Ligand code: RDL
Ligand code: RDL
Ligand code: RDL
């Protein structure tokens with residue numbers, strides 16, 4: 001059975017990990033290993049450990065960069081670390097970040113965090129089980145959370 005890793009953070013203000021696990025379970029039976037770390041800068045090594053020590057074939061790294069300038073710097077550093085962990089392990093780590101200032105209020109932020117987690121969970125399922133489904137969506141302006149923007153017309 002394929003193993004999917006889920007890492008999320010206690011810093012985030014919505015339980016994105018649970019949304020991702022719930023979504024994956026609706027589509028496939030895979031073994032899911034979930035861990036939670038304090039913040040986004042802890043995601044790269046946690047993801048790498050899931051791949052190298054627990055045999056995960058793909059990992060979702062979910063987190064919420066805060067709205068302050070230092071949080072955006074932190075998000076860039078975390079992102080760079082996640083990319084480095086992917087290159088070191090030759091394995092996808094799907095980064096699911098929702099910036100705290102992407103929602104106009106708490107309700108919209110919660111909506112976005114849940115829906116981006118669920119939509120990327122479906123990307124993870126497709127990457128692992130049906131990569132040809134993503135090829136069919138090439139160039140279609142997919143977004144996660146809010147509405148898709150679509151292909152160019154003209
Ligand atoms: O290793 C412990 C912490 O340094 C680590 O958990 C950081 O990711 C925590 N953190 C910050 O220090 C910060 O300035 C976070 C943010 N901003 C942030 O915006 N989002 C986080 N963590 O998830
Ligand atoms: O690993 C899953 C996603 O994090 C990854 O696919 C990102 O490349 C998606 N992405 C962003 O998160 C973003 O903030 C993209 C953009 N901006 C962008 O401008 N163009 C993209 N992806 O192709
Ligand atoms: O153009 C509006 C948004 O698409 C843009 O602000 C994106 O950068 C928002 N975004 C992130 O900031 C991010 O860290 C997105 C993702 N991750 C993502 O994974 N998928 C998105 N947007 O559609």
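Only the coordinates and a few stated rules stand behind these numbers; no lab work does. Owing to the predicted nature of the structure, the values given are computational and were not obtained by experimental measurement. Glycine gets a Cβ as well: all are built from the backbone with ideal geometry, and neighbour counts include every protein chain shown.
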Problem set entry | Among residues of the range 23-41, those that are in a helix (DSSP H, G or I) and over 16 Å from the mean Cα position of the chain (by Cα), counted | 2
Exercise. Under the condition of being assigned to a helix (DSSP H, G or I) and within 17 Å of the chain's Cα centre (by Cα), which residue from the range 90-114 is farthest from ligand 2 (Cβ to nearest atom)?
Worked result: 110
Exercise. What number of residues within the range 54-82 satisfy the criterion of being more than 24 Å from residue 21 (Cβ to Cβ) and in a helix (DSSP H, G or I)?
Worked result: 9
Exercise. Taking residue 44, is it without any contact (Cβ under 8 Å) to a residue 40 or more places away in the chain and either within 14 Å of ligand 3 (Cβ to nearest atom) or buried (at least 17 other Cβ atoms within 10 Å of the Cβ) (or both)?
Worked result: no
